[in-house]
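FYI, it's all coordinate maths here, none of it is from the lab. This one's a predicted model, so the numbers in the text were calculated from it and none came from an experiment. Positions of Cβ are generated from backbone atoms using ideal geometry, with glycine treated the same way; all protein chains shown enter the neighbour counts.
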Amino acid sequence: MKYSLSAAAVITATSLMAVPAFAGSLDQPVIEPVTAAPPPAPAITGGNWTGFYAGAQVGNLDVDGEGGLAGANGDDTSFGLHAGYNYDFGTWVVGGELDYDDASIDLSGGTASVDSVWRAKLRGGYDFGRTLVYATAGLAEIDTSVGNDTGDFYGLGVSYKATEQFIVSGEYLVHDFSSLGGASGIDADADSFSIRASWQF
């Protein structure tokens, strides 16, 4: 019995001394360095309307004579160019623009024809991100066969950024002209709707 206990003690001691040897022979685990995942790319929301822009438009110009031109009216397609500058304050956008529409509108009865309209605009609107809803007003000069006149106009528009630079818009304007050619009582009203394409620089 003493022999058995001594043998058991020897085996146990030998096993305990062997454990570190086996443990040391195991491959140490490789700890990979932890790297933070790259932050997600910021979503492009548009909304930066600050800068110069220029483009072209096509639309319809509808003219109604009054006073000495009462009953004379007509409408036709107009083509034009525009250029301006916007400043984005974050929520609100303000700016100015010049535009020109070429038109060949014969008013009924052959009393007059409308050739072109120039406009100097002030614009102000709300920034919804890629969409800008704005109001505009200013001065317009109409060129007709009975003479020119400078009147006022006002209107509304909506612009959408298809890309960071390319903008498509729709715009509706109401014009009031009086004293065409300097003649009192020869007046005209005009409405226009145009589709516009612009490039922001």
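Key figures
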{"read-out": "Neighbourhood net charge (14 Å Cβ-Cβ; Lys/Arg +1, Asp/Glu -1) for Trp49", "value": "-1"}
{"read-out": "Backbone HN-Hα couplings from phi across segment 116-124 [Karplus 6.51/-1.76/1.60, Hz, Gly and Pro as x]", "value": "6, 9, 9, 9, 10, 10, 10, 10, x"}
{"read-out": "Placed amide H near Ala112: partners under 5 Å, 5+ positions off or other chain", "value": "Leu107"}
{"read-out": "At most 12 other Cβ within 10 Å, DSSP loop - GluC sites (Glu not before Pro), segment 100-201", "value": "Glu164"}
{"read-out": "Using θ = phi - 60° and Karplus 6.51 cos²θ - 1.76 cosθ + 1.60, couplings along segment 157-165 (whole Hz; Gly, Pro as x)", "value": "x, 9, 10, 10, 8, 5, 9, 5, 10"}
{"read-out": "5 angstrom amide H check on Trp49, placed H, neighbours 5+ away", "value": "Asp88"}
{"read-out": "Förster radius 30 Å - calculated FRET efficiency between Leu122 and Thr77 (Cβ-Cβ, nearest 0.05)", "value": "0.70"}
{"read-out": "Distance between modelled label sites at Leu98 and Ala56, nm, 7 Å Cα→Cβ extension", "value": "2.0 nm"}
{"read-out": "Ser178 long-range amide H proximity, modeled H, under 5 Å", "value": "Ala188"}
{"read-out": "Inter-label distance, nm, simple model (7 Å from Cα along the C-beta direction), Ala137/Asp106", "value": "3.8 nm"}
{"read-out": "Residue-wise HN-Hα coupling along segment 93-104, computed from phi with Karplus coefficients 6.51, -1.76, 1.60 (Hz; x: Gly, Pro)", "value": "10, 10, x, x, 8, 10, 9, 9, 10, 9, 9, 10"}
{"read-out": "Cα principal axis extents for segment 51-200, largest first, Å", "value": "48, 23, 19"}
